[in-house]
2 protein chains.
Amino acid sequence: MRETITLKPDEMPDAYYNVLADLPNPLDPPLDPATMKPIAPEKLLAIFPETLLEQEMSHERYVPIPEAVLREYFVYRPSPLIRAVFLEEYLKTNCKIYYKHEGLSPTGSHKVNTALPQAYYNKLAGVKTLVTETGAGQWGSALSYAGKKLGIAVKVFMVRVSYEQKPFRKKLMHLFSGDVSASPSSLTECGKRYSTDNPGSLGIAISEAIESVTTTKHAKYALGSVLNHVLLHQTIIGLELKAQCKKADIVPDTIIGCHGGGSNFGGTIFPFFPDKLEGRNIKFIAVEPESCPSLTKGEYRYDSGDTAGYTPLMKMYTLGKDFMPPAIHAGGLRYHGASPIVSKLLHDGYIEAVAYNQNDVLTAGKTFALTEGVVPAPESSHAIACAISEAKKNNGKTIIFTLSGHGHFDLNAYIDH
Amino acid sequence: MRETITLKPDEMPDAYYNVLADLPNPLDPPLDPATMKPIAPEKLLAIFPETLLEQEMSHERYVPIPEAVLREYFVYRPSPLIRAVFLEEYLKTNCKIYYKHEGLSPTGSHKVNTALPQAYYNKLAGVKTLVTETGAGQWGSALSYAGKKLGIAVKVFMVRVSYEQKPFRKKLMHLFSGDVSASPSSLTECGKRYSTDNPGSLGIAISEAIESVTTTKHAKYALGSVLNHVLLHQTIIGLELKAQCKKADIVPDTIIGCHGGGSNFGGTIFPFFPDKLEGRNIKFIAVEPESCPSLTKGEYRYDSGDTAGYTPLMKMYTLGKDFMPPAIHAGGLRYHGASPIVSKLLHDGYIEAVAYNQNDVLTAGKTFALTEGVVPAPESSHAIACAISEAKKNNGKTIIFTLSGHGHFDLNAYIDH
């Protein structure tokens, strides 16, 4: 019988955990591409509101979650932790496999967790329009929802290949009044450099969004991953997970998350990082696609977050800002770089990274749909594939992964496969 | 803060409730269209296995759920009962509104509840292929899933207008190896009578499925609503709901379900029927579309369940077997007739029926998505619209409705609207 570990609303954490407070070695600072010196925070005020910049730089261990954001979290949180007994049985494993189910959010993924505070802080700062990019559409739909809830317009540049592969995620943005364009678009100078049948990339879409902010009145930019404050917000996942483990006496040996920019992975594992520092034997695995292997094949160096070079330079694992990932189905993982914090943890040996090919990933996703009765997003299927192979390689371990989202808008992936 | 009432797996009911045991007046028997006399059960053995026919006729109050079906139920059941606090707040109502969330099933609706036992009993009887029809695709995907799980092939005739409006539900059937054709099709004599751009109806699709059974080896027919045994299986909803009400001290004044063939509505309210018989003041409301108003505008008389007249004649509220409902978005509610049991209860004054127009329904669905964070199926939005209007008309009442499914594959409906 399935075992579901729930938290009552009043057991939900009311502060985010900031892993920067506990990093053994400090992060290398973001650099101004014009001077190659650490960037002055004021320069970033053009695209981010002050509170989010403060969170980006903060070293406070806990950052309180505003009341209004908590209230919105209660619409879909705390999310359940579920023991995948049917998958275990299918695998005939003696490992215990649990998944933290983020697919029950209003737009079907963990992205809402940061969309809400970002919309909230921008609204508070008087911003009228948030501009962003989206890969598979998870982030764009989450921000559209948050904007609609908190009274702020949302404009989205959606990577063209996903715009075409995933028409329903575009419709979900429309449902929540998001304004969506395929990227590369003809709306920006950066976009005009590409032909209109270019499949696009997150790097290009970010450039378009940032450029668009500078030409839109009272607009700011919002990013769905990579940055410190985004990962900070996502620690709500790991904090809940930790509370659930404590409540149900679960001691994880391995925690797994899929990795694109790092928000799902970082948000899941950061709250467990202090345990590792204290010497607990716990393995953190980031799973990425073989076709976009930033962590496993990238270089650890300064690089731009976007293709046009509008963002500060960040020290991270990167395939190079001009890397054009193939049109794989896990559109949310098609990013050339990685979160600076996750990159640092990988470089310093605290986490592991592995890459899986699309075939194995989609097979794992189908297996999950048939055993656990949830069709996973192709992104999340990366974590499932890894959890399955960890269960096969090990005996008696407790393996937890985050199911970052459902795959109801990604059925093409499984059918084509 | 949201209040979610869950049941532990061992609190899930292990027997279905058969309302036929408690009907004050017996049902009128199904008639053989050839003789206009009560049909001999043997005649139905060509399309149904014996056990399901026994369930169709049984007057036993409780029918045990087979172990293998319970096991499959545990993949997604018990389903939560959720207090819609955010909707209540939005409405500024002092009524309490709860919804039983059936949208978390493997294919996103309550239909899996009967698909599993039907696949199970057919498999046990040696059947190799189940043939069925589907409107919006909820039933076809549920039966495909159940067939895949229990080892039986599934062939689906999908009403053409939905086949075209809801491409993703077709893909969901493919994911679970269902074989889907648009109806009217050129695969059956009945289908050939219509032009290939005919939007179709459930009545025609049922005829096609039944005809196809007679030309396919080791095949039987499966119906997703209307019949007694189907509603019997769906009482798992109402039985859980009753246990949840008891557990959380909830005393419902009004219970609401959308109504197409009657399986969601009947499954929800039947277990509460004995309370009403004992004199408890409880209101049951079936909600149907204004454009397909079987219960509110139909006649109570014998009619065929399908367009070609292959089924026995059933005493029910009907718009006539040749009624061609317009191409509304709630494809699951486009049926000319109604469950004989629900019809009888309506005729005898135990339940109420109301009809809502598509505009009001889709507006209610959007409101629900924005307040409760769940995009509902257009079918379910009928129940939501009614719950909202009941809350507006009343003071301090406890209103419960079943959210029969999510609307992730129905976004066109809300966007076009």
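The values are calculated or read from the model by the stated rules, or taken from the named source; none is laboratory data. These figures come from a predicted structure and were not determined experimentally. All Cβ positions, glycine included, derive from the backbone under ideal geometry; neighbour counts span all protein chains shown. The accessibility values were calculated without ligands, DNA or RNA, using every heavy atom of the protein model including side chains. Shrake-Rupley method; radii C 1.70, N 1.55, O 1.52, S 1.80 Å.
A cut-off under 13 angstrom between Cβ atoms defines the neighbours of B:Phe74, and their net charge, with Lys, Arg +1 and Asp, Glu -1, is -3.
Annotation for region A:200-265: trypsin sites (Lys or Arg not before Pro) lying in DSSP loop with at most 13 further Cβ atoms inside 10 Å of their Cβ are A:Lys217. Taking every Cα-Cα distance in region A:226-284 and sorting them into 5 Å bins from zero, the calculated P(r) comes out as 4, 20, 28, 27, 15, 5, 1 percent.
Just so you know, the Cα atoms of region B:15-55 work out to an Rg and Dmax of 12.4, 36 Å. Each Cα pair under 8 Å and six or more residues apart adds its separation to the average, and for region A:301-346 the resulting relative contact order is 34 percent. Non-local amide H neighbours of A:Tyr356 (under 5 Å, H modeled in plane, Pro and chain starts lacking H): which ones? HN-HN under 5 Å from A:Tyr356: A:Glu288, A:Glu290. If you roll a 1.4 Å probe over region A:149-277 with all protein chains in place, what percent of the accessible area is carbon or sulfur? So the carbon and sulfur contribution to the accessible surface is 51 percent.
Once you divide the Cα radius of gyration of region B:305-362 by 2.2 N^0.38 Å, the number left is 1.26.
Against the empirical curve 2.2 N^0.38 Å, the C-alpha radius of gyration of region A:361-404 lands at a ratio of 1.08. Counting from the shortest, the label point at B:Tyr90, 7 Å from Cα toward Cβ, is 3.5 nm from the same position in each remaining copy. Projection of the Cα convex hull of region A:76-115, averaged over all directions and equal to a quarter of that hull's surface, yields 3.3 nm². The alpha-carbon atoms of region A:328-417 define a convex hull whose volume equals 112 cubic angstrom per residue. Over all Cα atoms in region B:107-191, the spread is summed up by Rg and Dmax: 12.1, 36 Å.
Value of Rg to Rh for chain B, rounded to two decimals, is 0.94; Kirkwood radius and Rg both from alpha-carbon coordinates. Of the GluC sites (Glu not before Pro) found in region A:233-333, those that fall in a DSSP loop while having at most 10 other beta-carbon atoms within 10 Å are A:Glu278.
Considering helices alone, the calculated mean residue ellipticity of the protein assembly as shown at 222 nm is -11000 deg cm²/dmol, with DSSP H runs of length four and up weighted by -39500 (n - 2.57) and normalised per residue. Its convex hull of Cα atoms gives region B:196-264 a direction-averaged projected area, equal to a quarter of the hull surface, of 7.2 nm². The dipole here belongs to chain A: it is taken about the Cα centre, uses +1 on the Cβ of Lys and Arg and -1 on the Cβ of Asp and Glu, and is about 560 debye. Counting lysine pairs in region A:304-417 whose alpha carbons fall under 22 angstrom apart, excluding pairs fewer than 8 residues apart on the same chain, gives 4. Would you please give the FRET efficiency between A:Arg280 and A:Lys8, computed as 1/(1 + (r/R0)^6) with r the Cβ-Cβ distance and R0 = 22 Å, to the nearest 0.05? Working from the Cβ atoms, E equals 0.25.
The phi-based Karplus calculation (6.51 cos²θ - 1.76 cosθ + 1.60; θ = phi - 60°) puts the 3J(HN,Hα) values of region B:31-40 at 10, 6, x, 6, 10, 6, 10, x, 6, 6 Hz, whole numbers, x for Gly and Pro.
Put simply, region B:145-222 fits an ellipsoid with semi-axes of 20, 17, 8 Å; these come from the alpha carbon gyration tensor as the roots of five times its eigenvalues, largest first. The tail of the calculated P(r) for region B:230-343 beyond 24 Å holds 31 percent of all Cα-Cα pairs.
Against the compact-protein benchmark of 2.2 N^0.38 Å, the Cα-based radius of gyration of region A:264-417 scales to 1.07. For region A:238-380, relative contact order (Cα pairs under 8 Å, six or more residues apart, normalised by length) works out to 24 percent.
Report note on the peptides A:204-210, B:178-184, A:108-114: ranked by the mean count of other C-beta atoms within 10 Å, highest first, their order is A:108-114, A:204-210, B:178-184.
With respect to the axis relating copies B and A by rotation, the chain B residue whose beta carbon is closest, plus that distance in Å, is B:His408, 2. Name the residue farthest towards the positive end of the dipole of region A:198-349 from the options A:Ile341, A:Leu277, A:Gly203, assuming +1 on Cβ of Lys and Arg, -1 on Cβ of Asp and Glu, about the Cα centre. Toward the positive end, the furthest listed residue is A:Leu277. In nanometres and ascending order, the distances from the A:Asn25 label point to those of the other copies are 8.4 (point 7 Å from Cα along Cα→Cβ). A simple charge model with +1 on the Cβ of Lys and Arg, -1 on the Cβ of Asp and Glu and nothing else charged puts the dipole of region B:137-201 at about 200 debye relative to its Cα centre. Calculated on the alpha-carbon coordinates, the convex hull of the protein assembly as shown measures out at 144 cubic angstrom per residue.
For chain A, a Gaussian network of Cα nodes joined below 10 Å ranks A:Leu277, A:Leu87, A:Leu20 by mean-square fluctuation, and the top entry is A:Leu277. Pairs with C-alpha atoms separated by more than 28 Å, drawn from the list A:Lys111/B:Lys100; A:Lys247/A:Lys276; A:Lys92/A:Lys283; A:Lys171/B:Lys123, are A:Lys171/B:Lys123.
Peptide B:168-179 has a mean shielding of 4, counted as Cβ atoms of other protein chains within 10 Å of each residue's Cβ.
In nanometres and ascending order, the distances from the B:Arg301 label point to those of the other copies are 8.3 (point 7 Å from Cα along Cα→Cβ). Across region B:16-26, rounded Karplus estimates of 3J(HN,Hα) from the backbone phi angles (6.51 cos²θ - 1.76 cosθ + 1.60, θ = phi - 60°) give 7, 9, 9, 5, 4, 5, 10, 5, x, 10, x Hz, Gly and Pro being marked x. Placing a pseudo-label 7 Å from each Cα along the Cα-to-Cβ vector at A:Lys43 and A:Tyr62 gives an inter-label distance of 3.6 nm.
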